[in-house]
Amino acid sequence: MIELKNLTVPAVEGPEGVYAAAARALGVPQSQIKTLEILRRSVDARRKNAISFVFTVAVSLEGEDALLEKARGKFRRYQPPEPYRFPYSHLTAEKRPVVVGMGPAGLFAALCLAEAGVPPIVIERGQPVERRVKDVNRFWETGALDTSSNVQFGEGGAGTFSDGKLTTGISDARIPFVLRRFVEFGAPEDILYLSKPHIGTDRLRALLVNMRRHLISLGCDIRFSARLADIDTADGRVRALRVESEGGAYTLPADYVLLAPGNGARDTFEMLMSRGVKLTPKNFSVGVRIEHLQSAIDAANYGKAATLGTLPASDYKLAVHLRDGHSVYTFCVCPGGHVVAAASESGRVVTNGMSYYARDGQNCNGGLLVSVTPDDFGHGALDGIAFQRRLEEAAYQYGGGGYRAPAQLLGDFLAKRPSAGHRSVVPTYRPGVKFCNLWDVLPDFVCRALAEAIPEMDRKVRGFAHPDAVLTAVETRSSSPVRIEREDGQSVSLKGLFPAGEGAGYAGGIMSAAVDGIRAAEALCAAL
Ligand SMILES: Cc1cc2nc3c(=O)[nH]c(=O)nc-3n(C[C@H](O)[C@H](O)[C@H](O)COP(=O)(O)OP(=O)(O)OC[C@H]3O[C@@H](n4cnc5c(N)ncnc54)[C@H](O)[C@@H]3O)c2cc1C
(Lines give C-alpha, C1' and ligand atoms only; values in the text may rest on other atoms or scores of the structure.)
Protein backbone atom coordinates (compact mmCIF):
# COMPACT_ATOMS: atom_id res chain seq x y z
CA MET A 1 0.00 0.00 0.00
CA ILE A 2 1.15 3.54 -0.69
CA GLU A 3 0.76 6.25 1.94
CA LEU A 4 -0.44 9.66 0.76
CA LYS A 5 -0.32 12.58 3.18
CA ASN A 6 -1.95 16.02 3.02
CA LEU A 7 -4.48 15.13 0.31
CA THR A 8 -6.71 18.18 0.06
CA VAL A 9 -10.35 17.88 -0.95
CA PRO A 10 -12.40 21.10 -1.30
CA ALA A 11 -15.39 21.26 1.06
CA VAL A 12 -17.73 21.57 -1.91
CA GLU A 13 -16.76 18.03 -3.09
CA GLY A 14 -17.45 16.48 0.33
CA PRO A 15 -15.27 13.76 1.87
CA GLU A 16 -16.07 11.33 -0.99
CA GLY A 17 -13.78 13.45 -3.16
CA VAL A 18 -10.82 11.65 -1.53
CA TYR A 19 -10.80 8.88 -4.19
CA ALA A 20 -10.39 11.37 -7.03
CA ALA A 21 -7.80 13.32 -5.03
CA ALA A 22 -5.76 10.13 -4.39
CA ALA A 23 -5.87 9.19 -8.08
CA ARG A 24 -4.77 12.72 -9.05
CA ALA A 25 -1.90 12.66 -6.56
CA LEU A 26 -0.70 9.30 -7.90
CA GLY A 27 -1.24 10.29 -11.53
CA VAL A 28 -3.37 7.19 -12.25
CA PRO A 29 -7.01 6.72 -13.29
CA GLN A 30 -9.34 6.27 -10.31
CA SER A 31 -10.28 2.80 -11.59
CA GLN A 32 -6.70 1.65 -10.89
CA ILE A 33 -7.22 2.10 -7.13
CA LYS A 34 -8.17 -1.22 -5.52
CA THR A 35 -8.62 -0.12 -1.88
CA LEU A 36 -8.33 3.14 -0.01
CA GLU A 37 -7.98 3.23 3.78
CA ILE A 38 -8.40 6.57 5.51
CA LEU A 39 -5.73 7.00 8.19
CA ARG A 40 -6.61 10.56 9.17
CA ARG A 41 -9.18 13.19 8.23
CA SER A 42 -9.38 16.76 9.42
CA VAL A 43 -10.96 19.99 8.26
CA ASP A 44 -8.73 22.93 7.36
CA ALA A 45 -10.84 26.04 8.03
CA ARG A 46 -8.00 28.56 8.24
CA ARG A 47 -9.01 30.27 4.97
CA LYS A 48 -12.76 30.84 4.83
CA ASN A 49 -12.82 30.94 1.01
CA ALA A 50 -10.89 27.66 0.64
CA ILE A 51 -12.18 25.32 3.32
CA SER A 52 -11.12 21.76 2.68
CA PHE A 53 -10.85 18.26 4.07
CA VAL A 54 -7.28 17.10 4.58
CA PHE A 55 -6.60 13.35 4.39
CA THR A 56 -3.83 10.86 5.01
CA VAL A 57 -4.68 7.61 3.24
CA ALA A 58 -3.16 4.23 2.38
CA VAL A 59 -3.98 3.08 -1.13
CA SER A 60 -3.49 -0.27 -2.81
CA LEU A 61 -3.53 -0.30 -6.60
CA GLU A 62 -2.66 -2.26 -9.70
CA GLY A 63 1.03 -1.95 -10.53
CA GLU A 64 1.94 -0.58 -7.08
CA ASP A 65 5.59 -1.73 -7.12
CA ALA A 66 6.25 -0.28 -10.57
CA LEU A 67 4.68 3.02 -9.54
CA LEU A 68 6.79 3.25 -6.38
CA GLU A 69 9.94 2.57 -8.39
CA LYS A 70 9.06 5.11 -11.06
CA ALA A 71 8.17 7.77 -8.46
CA ARG A 72 11.73 7.56 -7.01
CA GLY A 73 10.95 8.49 -3.40
CA LYS A 74 7.98 10.75 -4.13
CA PHE A 75 5.65 8.19 -2.51
CA ARG A 76 6.37 5.78 0.32
CA ARG A 77 5.12 2.36 1.14
CA TYR A 78 2.67 2.39 4.06
CA GLN A 79 4.12 0.89 7.25
CA PRO A 80 1.34 0.37 9.82
CA PRO A 81 2.54 1.32 13.32
CA GLU A 82 3.28 -1.49 15.75
CA PRO A 83 0.07 -1.84 17.83
CA TYR A 84 0.18 -1.59 21.63
CA ARG A 85 -0.24 -4.92 23.41
CA PHE A 86 -0.95 -5.27 27.13
CA PRO A 87 2.39 -6.57 28.41
CA TYR A 88 1.02 -9.29 30.76
CA SER A 89 -0.79 -12.57 30.13
CA HIS A 90 -1.57 -15.90 31.83
CA LEU A 91 -1.34 -14.37 35.30
CA THR A 92 -2.77 -15.98 38.41
CA ALA A 93 -3.69 -14.43 41.75
CA GLU A 94 -4.55 -15.87 45.14
CA LYS A 95 -7.32 -13.31 45.63
CA ARG A 96 -9.04 -11.66 42.71
CA PRO A 97 -8.09 -8.01 42.22
CA VAL A 98 -10.92 -5.52 42.76
CA VAL A 99 -11.69 -2.61 40.43
CA VAL A 100 -13.73 0.24 41.90
CA GLY A 101 -15.70 2.27 39.36
CA MET A 102 -16.91 1.55 35.85
CA GLY A 103 -15.92 4.76 34.10
CA PRO A 104 -13.40 4.62 31.24
CA ALA A 105 -10.49 4.10 33.68
CA GLY A 106 -12.12 1.22 35.56
CA LEU A 107 -13.55 -0.40 32.42
CA PHE A 108 -10.26 -0.47 30.54
CA ALA A 109 -8.41 -1.62 33.65
CA ALA A 110 -10.91 -4.46 34.11
CA LEU A 111 -10.61 -5.40 30.43
CA CYS A 112 -6.81 -5.59 30.54
CA LEU A 113 -6.74 -7.48 33.85
CA ALA A 114 -9.29 -9.98 32.56
CA GLU A 115 -7.42 -10.51 29.32
CA ALA A 116 -4.19 -10.97 31.32
CA GLY A 117 -5.82 -13.90 33.15
CA VAL A 118 -6.97 -12.19 36.37
CA PRO A 119 -10.62 -11.17 35.82
CA PRO A 120 -11.40 -8.75 38.64
CA ILE A 121 -14.40 -8.21 40.86
CA VAL A 122 -15.76 -4.85 39.69
CA ILE A 123 -17.83 -2.75 42.08
CA GLU A 124 -19.82 0.22 40.81
CA ARG A 125 -22.00 2.35 43.07
CA GLY A 126 -24.41 3.21 40.24
CA GLN A 127 -26.71 1.18 38.03
CA PRO A 128 -26.28 -0.66 34.72
CA VAL A 129 -26.66 1.72 31.80
CA GLU A 130 -30.18 0.58 30.83
CA ARG A 131 -31.58 1.49 34.26
CA ARG A 132 -29.32 4.51 34.60
CA VAL A 133 -30.74 6.06 31.42
CA LYS A 134 -34.23 5.81 32.94
CA ASP A 135 -33.07 7.36 36.24
CA VAL A 136 -31.34 10.24 34.46
CA ASN A 137 -34.29 10.92 32.14
CA ARG A 138 -36.61 11.02 35.15
CA PHE A 139 -34.26 13.50 36.84
CA TRP A 140 -34.17 15.73 33.76
CA GLU A 141 -37.96 15.59 33.39
CA THR A 142 -39.03 15.96 37.03
CA GLY A 143 -36.02 17.13 39.05
CA ALA A 144 -36.10 13.93 41.17
CA LEU A 145 -32.38 13.19 41.71
CA ASP A 146 -31.15 9.68 42.55
CA THR A 147 -27.86 10.30 44.33
CA SER A 148 -26.46 6.89 43.37
CA SER A 149 -27.66 6.72 39.74
CA ASN A 150 -27.13 9.92 37.80
CA VAL A 151 -24.93 11.66 35.23
CA GLN A 152 -21.82 11.11 37.39
CA PHE A 153 -22.51 7.64 38.82
CA GLY A 154 -23.29 4.39 37.03
CA GLU A 155 -22.02 2.12 34.28
CA GLY A 156 -19.80 4.02 31.86
CA GLY A 157 -18.95 6.68 34.42
CA ALA A 158 -19.21 10.42 33.95
CA GLY A 159 -18.86 10.41 30.17
CA THR A 160 -21.93 8.27 29.43
CA PHE A 161 -24.21 11.29 29.03
CA SER A 162 -21.65 13.20 27.00
CA ASP A 163 -20.62 14.02 23.49
CA GLY A 164 -18.29 11.03 23.70
CA LYS A 165 -15.54 13.29 22.45
CA LEU A 166 -12.31 11.35 22.20
CA THR A 167 -9.88 14.20 21.66
CA THR A 168 -7.08 14.37 24.20
CA GLY A 169 -4.03 16.46 24.96
CA ILE A 170 -1.91 13.40 25.79
CA SER A 171 0.17 11.41 23.36
CA ASP A 172 0.38 7.72 24.21
CA ALA A 173 0.81 4.42 22.34
CA ARG A 174 -2.26 3.08 24.17
CA ILE A 175 -4.61 5.57 22.42
CA PRO A 176 -5.05 3.57 19.17
CA PHE A 177 -5.61 0.46 21.32
CA VAL A 178 -8.45 2.22 23.20
CA LEU A 179 -9.99 3.45 19.94
CA ARG A 180 -9.83 -0.01 18.35
CA ARG A 181 -11.47 -1.59 21.39
CA PHE A 182 -14.23 1.05 21.31
CA VAL A 183 -14.90 0.15 17.66
CA GLU A 184 -14.93 -3.56 18.53
CA PHE A 185 -17.68 -2.81 21.09
CA GLY A 186 -19.77 -0.75 18.67
CA ALA A 187 -18.31 2.75 18.27
CA PRO A 188 -18.42 4.23 14.76
CA GLU A 189 -15.33 3.28 12.72
CA ASP A 190 -14.61 6.89 11.84
CA ILE A 191 -13.16 7.43 15.35
CA LEU A 192 -10.09 5.57 14.07
CA TYR A 193 -9.19 8.37 11.68
CA LEU A 194 -11.04 11.61 12.47
CA SER A 195 -8.85 14.31 13.99
CA LYS A 196 -11.73 15.14 16.34
CA PRO A 197 -13.42 11.79 16.96
CA HIS A 198 -16.64 11.46 18.93
CA ILE A 199 -19.04 8.62 19.70
CA GLY A 200 -22.15 10.48 20.86
CA THR A 201 -24.14 9.57 23.96
CA ASP A 202 -26.52 7.33 21.97
CA ARG A 203 -23.82 5.07 20.49
CA LEU A 204 -21.86 5.13 23.77
CA ARG A 205 -24.76 3.67 25.73
CA ALA A 206 -25.05 0.70 23.34
CA LEU A 207 -21.27 0.20 23.37
CA LEU A 208 -21.26 -0.11 27.17
CA VAL A 209 -23.68 -3.04 27.09
CA ASN A 210 -21.40 -4.89 24.64
CA MET A 211 -18.35 -4.12 26.73
CA ARG A 212 -20.07 -5.42 29.88
CA ARG A 213 -21.03 -8.67 28.12
CA HIS A 214 -17.43 -9.14 27.01
CA LEU A 215 -16.10 -8.52 30.54
CA ILE A 216 -18.54 -11.05 31.97
CA SER A 217 -17.58 -13.58 29.30
CA LEU A 218 -13.95 -13.20 30.43
CA GLY A 219 -14.96 -14.01 34.01
CA CYS A 220 -15.33 -10.54 35.55
CA ASP A 221 -17.71 -10.42 38.53
CA ILE A 222 -19.57 -7.14 38.01
CA ARG A 223 -21.53 -5.81 40.97
CA PHE A 224 -23.75 -2.76 40.46
CA SER A 225 -25.22 -0.67 43.24
CA ALA A 226 -22.12 -1.61 45.24
CA ARG A 227 -20.35 1.35 46.85
CA LEU A 228 -16.87 1.23 48.35
CA ALA A 229 -17.63 2.66 51.79
CA ASP A 230 -14.43 1.90 53.70
CA ILE A 231 -11.05 0.17 53.50
CA ASP A 232 -9.57 -2.20 56.12
CA THR A 233 -5.81 -1.89 56.32
CA ALA A 234 -2.99 -3.58 58.22
CA ASP A 235 0.75 -2.81 58.15
CA GLY A 236 0.25 -0.09 55.52
CA ARG A 237 -1.49 -2.51 53.11
CA VAL A 238 -5.04 -2.98 51.90
CA ARG A 239 -6.65 -6.03 53.49
CA ALA A 240 -10.35 -5.76 52.69
CA LEU A 241 -13.05 -3.42 51.39
CA ARG A 242 -16.29 -2.52 53.10
CA VAL A 243 -18.97 -2.52 50.40
CA GLU A 244 -22.49 -1.14 50.77
CA SER A 245 -24.98 -2.60 48.33
CA GLU A 246 -28.73 -2.83 47.79
CA GLY A 247 -28.66 -6.26 49.44
CA GLY A 248 -26.79 -4.96 52.53
CA ALA A 249 -23.18 -4.25 53.55
CA TYR A 250 -20.40 -6.85 53.31
CA THR A 251 -16.63 -7.22 53.60
CA LEU A 252 -14.66 -8.09 50.48
CA PRO A 253 -11.16 -9.42 51.22
CA ALA A 254 -8.71 -7.81 48.76
CA ASP A 255 -4.94 -7.45 48.39
CA TYR A 256 -4.99 -5.42 45.17
CA VAL A 257 -7.51 -2.66 44.52
CA LEU A 258 -7.59 -0.48 41.44
CA LEU A 259 -9.48 2.62 42.50
CA ALA A 260 -11.04 4.64 39.64
CA PRO A 261 -13.86 6.58 41.30
CA GLY A 262 -14.08 9.68 39.07
CA ASN A 263 -14.09 13.24 40.31
CA GLY A 264 -17.63 13.19 41.73
CA ALA A 265 -16.82 10.63 44.45
CA ARG A 266 -16.49 13.15 47.25
CA ASP A 267 -17.51 10.72 50.00
CA THR A 268 -14.79 8.33 48.78
CA PHE A 269 -12.13 11.06 49.02
CA GLU A 270 -13.33 11.85 52.56
CA MET A 271 -13.11 8.15 53.50
CA LEU A 272 -9.59 7.85 52.01
CA MET A 273 -8.49 10.93 53.95
CA SER A 274 -9.84 9.46 57.20
CA ARG A 275 -7.85 6.27 56.47
CA GLY A 276 -4.61 8.26 56.11
CA VAL A 277 -4.31 7.92 52.33
CA LYS A 278 -2.23 10.86 51.06
CA LEU A 279 -4.34 13.32 49.10
CA THR A 280 -3.22 16.73 47.87
CA PRO A 281 -5.29 19.61 46.48
CA LYS A 282 -4.84 20.36 42.79
CA ASN A 283 -5.75 23.12 40.37
CA PHE A 284 -9.07 22.77 38.59
CA SER A 285 -11.60 25.10 36.95
CA VAL A 286 -15.06 26.50 37.50
CA GLY A 287 -17.43 28.51 35.34
CA VAL A 288 -20.51 28.19 33.17
CA ARG A 289 -21.83 26.50 30.02
CA ILE A 290 -22.22 28.87 27.12
CA GLU A 291 -24.81 28.19 24.38
CA HIS A 292 -24.93 29.66 20.88
CA LEU A 293 -26.89 28.76 17.79
CA GLN A 294 -24.92 26.04 15.98
CA SER A 295 -25.55 27.89 12.71
CA ALA A 296 -23.77 30.96 14.14
CA ILE A 297 -20.71 28.94 15.21
CA ASP A 298 -20.60 27.21 11.80
CA ALA A 299 -20.85 30.56 10.02
CA ALA A 300 -18.01 31.94 12.14
CA ASN A 301 -15.81 28.90 11.44
CA TYR A 302 -16.72 28.05 7.86
CA GLY A 303 -18.01 31.30 6.32
CA LYS A 304 -20.19 30.63 3.25
CA ALA A 305 -19.13 26.97 3.15
CA ALA A 306 -21.28 26.44 6.27
CA THR A 307 -24.36 26.04 4.06
CA LEU A 308 -22.84 23.38 1.75
CA GLY A 309 -23.99 20.56 4.00
CA THR A 310 -20.73 18.62 3.58
CA LEU A 311 -18.90 19.84 6.69
CA PRO A 312 -19.35 18.50 10.23
CA ALA A 313 -20.99 20.65 12.93
CA SER A 314 -18.09 22.81 14.10
CA ASP A 315 -16.67 23.66 17.50
CA TYR A 316 -14.12 26.06 18.97
CA LYS A 317 -11.16 25.95 21.34
CA LEU A 318 -10.33 29.27 22.93
CA ALA A 319 -8.06 30.38 25.75
CA VAL A 320 -7.19 33.75 27.26
CA HIS A 321 -4.50 34.26 29.90
CA LEU A 322 -5.33 37.16 32.19
CA ARG A 323 -2.93 39.52 33.94
CA ASP A 324 -4.13 38.38 37.40
CA GLY A 325 -2.79 34.88 36.70
CA HIS A 326 -6.13 33.18 35.97
CA SER A 327 -6.82 31.60 32.59
CA VAL A 328 -10.20 31.46 30.92
CA TYR A 329 -10.74 28.72 28.38
CA THR A 330 -13.42 26.79 26.58
CA PHE A 331 -13.72 23.10 27.32
CA CYS A 332 -15.65 20.04 26.19
CA VAL A 333 -17.54 21.78 23.39
CA CYS A 334 -20.64 19.86 22.25
CA PRO A 335 -21.68 20.84 18.71
CA GLY A 336 -25.39 20.31 18.05
CA GLY A 337 -25.72 19.29 21.69
CA HIS A 338 -27.57 19.90 24.94
CA VAL A 339 -26.58 21.40 28.26
CA VAL A 340 -27.26 18.72 30.88
CA ALA A 341 -28.06 18.69 34.57
CA ALA A 342 -25.13 16.71 35.97
CA ALA A 343 -25.70 16.89 39.75
CA SER A 344 -24.88 13.96 42.01
CA GLU A 345 -25.58 15.54 45.40
CA SER A 346 -28.86 16.83 46.81
CA GLY A 347 -29.42 20.58 46.75
CA ARG A 348 -26.48 21.26 44.41
CA VAL A 349 -26.72 22.20 40.73
CA VAL A 350 -24.01 21.14 38.26
CA THR A 351 -24.05 21.64 34.47
CA ASN A 352 -22.20 19.87 31.68
CA GLY A 353 -22.80 19.09 27.99
CA MET A 354 -23.68 16.16 25.72
CA SER A 355 -24.48 15.45 22.05
CA TYR A 356 -25.91 12.60 20.05
CA TYR A 357 -23.71 11.07 17.34
CA ALA A 358 -25.53 13.10 14.67
CA ARG A 359 -24.76 16.36 16.50
CA ASP A 360 -27.88 17.78 14.90
CA GLY A 361 -29.33 19.90 17.74
CA GLN A 362 -30.03 23.65 17.29
CA ASN A 363 -27.35 24.81 19.72
CA CYS A 364 -23.64 24.44 20.28
CA ASN A 365 -22.59 24.48 23.95
CA GLY A 366 -19.21 24.56 25.63
CA GLY A 367 -17.76 24.88 29.09
CA LEU A 368 -16.42 28.40 29.68
CA LEU A 369 -14.09 27.99 32.61
CA VAL A 370 -11.76 29.94 34.88
CA SER A 371 -8.73 28.09 36.26
CA VAL A 372 -8.55 28.08 40.06
CA THR A 373 -5.68 27.14 42.36
CA PRO A 374 -5.39 26.43 46.11
CA ASP A 375 -4.71 30.18 46.51
CA ASP A 376 -8.35 30.72 45.45
CA PHE A 377 -9.98 27.98 47.53
CA GLY A 378 -7.57 26.87 50.29
CA HIS A 379 -4.62 24.53 50.70
CA GLY A 380 -6.35 21.71 52.59
CA ALA A 381 -6.70 18.45 50.62
CA LEU A 382 -10.50 18.73 50.50
CA ASP A 383 -10.80 22.53 50.27
CA GLY A 384 -11.42 22.35 46.51
CA ILE A 385 -14.43 20.13 47.12
CA ALA A 386 -15.80 22.56 49.72
CA PHE A 387 -15.39 25.39 47.17
CA GLN A 388 -17.19 23.36 44.46
CA ARG A 389 -20.03 22.64 46.88
CA ARG A 390 -20.46 26.32 47.79
CA LEU A 391 -20.82 27.23 44.12
CA GLU A 392 -23.19 24.35 43.41
CA GLU A 393 -25.36 25.31 46.40
CA ALA A 394 -25.53 28.95 45.25
CA ALA A 395 -26.55 27.73 41.79
CA TYR A 396 -29.30 25.58 43.32
CA GLN A 397 -30.58 28.52 45.36
CA TYR A 398 -30.59 31.02 42.47
CA GLY A 399 -32.08 28.39 40.14
CA GLY A 400 -35.12 28.44 42.40
CA GLY A 401 -35.01 24.76 43.44
CA GLY A 402 -35.94 21.52 41.69
CA TYR A 403 -32.47 21.49 40.02
CA ARG A 404 -33.36 24.34 37.67
CA ALA A 405 -30.15 26.18 36.87
CA PRO A 406 -29.51 29.93 37.05
CA ALA A 407 -28.90 31.46 33.61
CA GLN A 408 -28.25 34.83 31.99
CA LEU A 409 -27.98 36.26 28.50
CA LEU A 410 -24.40 37.10 27.60
CA GLY A 411 -25.27 40.72 26.77
CA ASP A 412 -26.84 41.16 30.21
CA PHE A 413 -23.91 39.41 31.90
CA LEU A 414 -21.45 41.87 30.37
CA ALA A 415 -23.72 44.76 31.42
CA LYS A 416 -24.17 43.21 34.91
CA ARG A 417 -28.00 43.39 34.68
CA PRO A 418 -30.37 40.48 35.34
CA SER A 419 -32.00 38.73 32.38
CA ALA A 420 -35.73 38.18 32.17
CA GLY A 421 -35.86 35.44 29.52
CA HIS A 422 -34.23 34.00 26.44
CA ARG A 423 -34.09 35.49 22.95
CA SER A 424 -32.81 33.74 19.78
CA VAL A 425 -30.91 31.02 21.67
CA VAL A 426 -33.34 28.69 23.48
CA PRO A 427 -31.58 27.12 26.49
CA THR A 428 -31.51 23.30 26.34
CA TYR A 429 -30.90 22.58 30.05
CA ARG A 430 -33.59 20.46 31.65
CA PRO A 431 -35.46 20.55 34.07
CA GLY A 432 -35.21 24.23 33.06
CA VAL A 433 -33.41 27.47 33.80
CA LYS A 434 -34.24 30.52 35.87
CA PHE A 435 -32.95 33.78 34.41
CA CYS A 436 -31.16 36.00 36.91
CA ASN A 437 -27.88 37.87 37.36
CA LEU A 438 -24.96 35.44 37.51
CA TRP A 439 -22.82 38.07 39.24
CA ASP A 440 -24.94 37.21 42.33
CA VAL A 441 -24.25 33.48 41.94
CA LEU A 442 -20.56 33.12 41.09
CA PRO A 443 -17.55 34.54 42.95
CA ASP A 444 -16.66 38.03 41.81
CA PHE A 445 -13.19 37.02 40.52
CA VAL A 446 -14.77 34.33 38.32
CA CYS A 447 -17.27 36.80 36.82
CA ARG A 448 -14.59 39.43 36.25
CA ALA A 449 -12.36 36.88 34.53
CA LEU A 450 -15.18 35.72 32.26
CA ALA A 451 -16.19 39.30 31.41
CA GLU A 452 -12.61 40.19 30.51
CA ALA A 453 -12.03 37.10 28.39
CA ILE A 454 -15.28 36.92 26.39
CA PRO A 455 -14.58 39.96 24.15
CA GLU A 456 -11.08 38.55 23.45
CA MET A 457 -12.64 35.24 22.45
CA ASP A 458 -15.04 37.05 20.15
CA ARG A 459 -12.04 38.30 18.17
CA LYS A 460 -11.17 34.68 17.38
CA VAL A 461 -14.69 33.33 16.81
CA ARG A 462 -16.91 36.15 15.54
CA GLY A 463 -20.24 36.10 17.33
CA PHE A 464 -18.91 34.32 20.42
CA ALA A 465 -19.95 37.41 22.42
CA HIS A 466 -23.42 37.55 20.81
CA PRO A 467 -25.73 39.16 23.38
CA ASP A 468 -28.34 36.38 22.97
CA ALA A 469 -25.88 33.60 23.90
CA VAL A 470 -26.99 31.91 27.13
CA LEU A 471 -24.74 31.29 30.14
CA THR A 472 -25.92 28.51 32.48
CA ALA A 473 -24.30 27.96 35.88
CA VAL A 474 -22.46 26.28 37.37
CA GLU A 475 -19.80 24.04 35.85
CA THR A 476 -17.53 22.70 38.60
CA ARG A 477 -16.67 19.11 37.66
CA SER A 478 -14.45 19.51 34.62
CA SER A 479 -11.52 17.96 36.50
CA SER A 480 -10.64 16.64 39.92
CA PRO A 481 -9.84 19.06 42.77
CA VAL A 482 -7.70 16.40 44.49
CA ARG A 483 -4.91 13.99 43.65
CA ILE A 484 -4.31 10.65 45.33
CA GLU A 485 -0.52 10.60 45.47
CA ARG A 486 1.00 7.54 43.85
CA GLU A 487 4.43 6.14 43.04
CA ASP A 488 5.01 3.31 40.54
CA GLY A 489 1.23 3.19 40.23
CA GLN A 490 0.53 2.56 43.92
CA SER A 491 -0.68 4.95 46.59
CA VAL A 492 2.37 6.32 48.41
CA SER A 493 0.67 5.70 51.75
CA LEU A 494 -1.31 2.48 51.23
CA LYS A 495 0.22 -0.47 49.42
CA GLY A 496 -2.08 -2.52 47.22
CA LEU A 497 -4.15 0.55 46.31
CA PHE A 498 -3.74 1.62 42.66
CA PRO A 499 -5.46 5.00 42.12
CA ALA A 500 -6.40 5.68 38.49
CA GLY A 501 -8.25 8.03 36.19
CA GLU A 502 -9.70 11.45 36.62
CA GLY A 503 -10.83 11.23 40.25
CA ALA A 504 -7.36 10.16 41.30
CA GLY A 505 -6.03 13.27 39.55
CA TYR A 506 -4.22 11.59 36.65
CA ALA A 507 -6.56 12.15 33.72
CA GLY A 508 -8.98 14.65 32.24
CA GLY A 509 -11.41 13.19 29.74
CA ILE A 510 -12.48 9.82 28.41
CA MET A 511 -9.31 8.96 26.49
CA SER A 512 -6.79 9.95 29.13
CA ALA A 513 -8.86 8.20 31.81
CA ALA A 514 -8.99 4.99 29.74
CA VAL A 515 -5.24 5.20 29.11
CA ASP A 516 -4.55 5.77 32.80
CA GLY A 517 -6.75 2.79 33.68
CA ILE A 518 -4.57 0.62 31.44
CA ARG A 519 -1.43 2.07 32.98
CA ALA A 520 -2.74 1.32 36.47
CA ALA A 521 -3.63 -2.24 35.38
CA GLU A 522 -0.03 -2.64 34.15
CA ALA A 523 1.25 -1.49 37.56
CA LEU A 524 -1.10 -3.87 39.35
CA CYS A 525 0.01 -6.79 37.15
CA ALA A 526 3.65 -5.92 37.83
CA ALA A 527 2.91 -6.07 41.56
CA LEU A 528 1.08 -9.40 41.15
C1 LIG B 1 -21.87 15.30 31.16
C2 LIG B 1 -20.42 15.03 30.93
C3 LIG B 1 -19.92 15.13 29.65
C4 LIG B 1 -18.58 14.83 29.38
N5 LIG B 1 -18.15 14.88 28.10
C6 LIG B 1 -16.91 14.43 27.81
C7 LIG B 1 -16.49 14.27 26.46
O8 LIG B 1 -17.25 14.48 25.51
N9 LIG B 1 -15.21 13.85 26.24
C10 LIG B 1 -14.34 13.59 27.26
O11 LIG B 1 -13.20 13.21 27.00
N12 LIG B 1 -14.72 13.73 28.54
C13 LIG B 1 -15.98 14.12 28.84
N14 LIG B 1 -16.38 14.21 30.14
C15 LIG B 1 -15.40 13.88 31.19
C16 LIG B 1 -15.24 12.36 31.26
O17 LIG B 1 -16.49 11.78 31.37
C18 LIG B 1 -14.36 11.98 32.42
O19 LIG B 1 -13.10 12.59 32.25
C20 LIG B 1 -14.15 10.48 32.50
O21 LIG B 1 -15.37 9.81 32.54
C22 LIG B 1 -13.33 10.12 33.72
O23 LIG B 1 -13.21 8.74 33.77
P24 LIG B 1 -12.93 7.95 35.11
O25 LIG B 1 -13.05 6.51 34.76
O26 LIG B 1 -11.69 8.42 35.71
O27 LIG B 1 -14.11 8.37 36.11
P28 LIG B 1 -15.67 8.35 35.93
O29 LIG B 1 -16.05 8.27 34.51
O30 LIG B 1 -16.19 9.47 36.73
O31 LIG B 1 -16.11 6.97 36.56
C32 LIG B 1 -16.02 6.72 37.94
C33 LIG B 1 -17.02 5.64 38.32
O34 LIG B 1 -16.76 5.24 39.64
C35 LIG B 1 -17.98 5.06 40.34
N36 LIG B 1 -17.71 5.27 41.77
C37 LIG B 1 -17.38 6.43 42.39
N38 LIG B 1 -17.18 6.23 43.70
C39 LIG B 1 -17.40 4.92 43.91
C40 LIG B 1 -17.38 4.12 45.10
N41 LIG B 1 -17.07 4.63 46.30
N42 LIG B 1 -17.71 2.81 44.97
C43 LIG B 1 -18.03 2.26 43.76
N44 LIG B 1 -18.07 2.99 42.63
C45 LIG B 1 -17.75 4.30 42.70
C46 LIG B 1 -18.89 6.12 39.75
O47 LIG B 1 -20.24 5.77 39.93
C48 LIG B 1 -18.46 6.15 38.29
O49 LIG B 1 -19.24 5.30 37.49
C50 LIG B 1 -17.71 14.50 30.45
C51 LIG B 1 -18.21 14.44 31.75
C52 LIG B 1 -19.54 14.70 32.00
C53 LIG B 1 -20.06 14.63 33.40
How many of the residues making up segment 132-163 are within 11 Å of the ligand (Cβ to nearest atom), in a loop (DSSP other than H, G, I, E, B) and not hydroxyl-bearing (S, T, Y)?
9
Candidate set from segment 491-510 (those that are crowded, with 24+ Cβ neighbours inside 10 Å and within 6 Å of the ligand (Cβ to nearest atom)); member that is farthest from A254 (Cα to Cα):
I510
Note on segment 439-485: residues charged (D, E, K, R) and within 30 Å of M273 (Cα to Cα) are E475, R477, R483, E485
Please indicate, with yes or no, whether at least one residue in segment 384-395 is at pLDDT below 95, among the acidic types (D, E) and more than 22 Å from the chain's Cα centre (by Cα).
no
I'm told R404 meets every condition in (1) free of Cβ contacts under 8 Å to residues at least 60 places away in the same chain; (2) of a type in the set (K, R); (3) in contact with a strand residue (DSSP E or B) (Cβ under 6 Å, 6 or more places away or on another chain) except one. Can you identify the failing condition by its number?
(1)
Yes or no: L208 touching a residue at least 60 places away in the same chain (Cβ under 8 Å), more than 9 Å from the ligand (Cβ to nearest atom) and surrounded by 17 or more Cβ atoms within 10 Å (Cβ to Cβ)?
yes
If E69 satisfies every condition in (1) outside any loop (DSSP other than H, G, I, E, B); (2) under 24 Å from the mean Cα position of the chain (by Cα); (3) away from the ligand (no atom under 15 Å from the Cβ); (4) not small (G, A, S) but one, which is the exception?
(2)
Out of all the residues in segment 420-468, which are closer than 17 Å to E393 by Cα and of a type in the set (D, E)?
D440, D444
Just one of R203, R223 is under 15 Å from the mean Cα position of the chain (by Cα) and assigned by TED's automatic domain parsing to the domain that holds A514; which is it?
R203
Is one or more of the residues making up segment 120-128 buried (at least 22 other Cβ atoms within 10 Å of the Cβ), under 28 Å from L194 (Cα atoms) and small (G, A, S)?
no
What number of residues within segment 511-523 are touching a strand residue (DSSP E or B) at 6+ places or on another chain (Cβ under 8 Å) and crowded, with 24+ Cβ neighbours inside 10 Å?
3
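The values are calculated or read from the model by the stated rules, or taken from the named source; none is laboratory data. Only a predicted model underlies this, so the values are computations on that prediction, with no experimental measurement involved. Positions of Cβ are generated from backbone atoms using ideal geometry, with glycine treated the same way; all protein chains shown enter the neighbour counts.
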